[in-house]
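In what follows, a single structure is set out as structure tokens and then discussed.
None of the figures in this text is laboratory data; all of them are computed from the coordinates on show. This one's a predicted model, so the numbers in the text were calculated from it and none came from an experiment.
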């Protein structure tokens with residue numbers, strides 16, 4: 001009589017499926033987060049919200065070294081308040097698009113760059129310690 005009300009699903013395969021789904025979720029999360037665990041850490045700076053717009057801080061720092069040596073930085077007076085006032089809370093693609101629409105580009109080390117990108121690279125150079 002008790003067999004009538006029992007479920008048709010066996011317990012062991014159900015538990016194995018649940019454990020498998022949980023295990024797959026853990027492995028997926030680990031694979032997704034693994035690169036973030038081993039990336040280089042930087043000391044906090046006043047420019048972090050802006051530098052985090054850049055996809056590769058190390059390469060931006062290298063380009064920023066060339067930007068900081070150019071006449072461009074001193075002529076534009078690229079300071080953080082001026083950058084924030086002009087660009088606001090825009091994303092990097094929006095900053096680049098705005099500069100290109102307004103024709104604001106600069107030549108640095110043989111590269112023609114949107115002004116906002118050049119300034120962000122300069123911030124990365126000034127804020128990131130060498131090495």
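The angle between the Cα long axis of helix 11-38 and the main principal axis of the chain comes to about 10°, on a 0 to 90 degree scale. Kindly express, to the nearest 10 degrees and within the range 0 to 90, the angle between helix 115-127's C-alpha long axis and the longest C-alpha principal axis of the chain. Orientation of helix 115-127: about 80 degrees from the principal axis.
For the chain, averaging the sequence separation of C-alpha pairs within contact (under 8 Å, six or more residues apart) and dividing by the residue count gives a relative contact order of 33 percent. Potential lengthening of the chain between residue 37 and residue 56 amounts to 5.3 nm, from the contour at 0.36 nm per residue minus the alpha-carbon distance. Only one item in [x] 156; [y] 114; [z] 194 matches volume of the Cα convex hull per residue in Å³ derived from the coordinates shown, and that item is [z].
For the chain, the longest principal axis of the alpha carbon atoms and the long axis of helix 92-102 meet at an angle near 40°.
Extension gain, residue 80 to residue 48, is 10.4 nm, computed as 0.36 nm per intervening residue step minus the present C-alpha separation.
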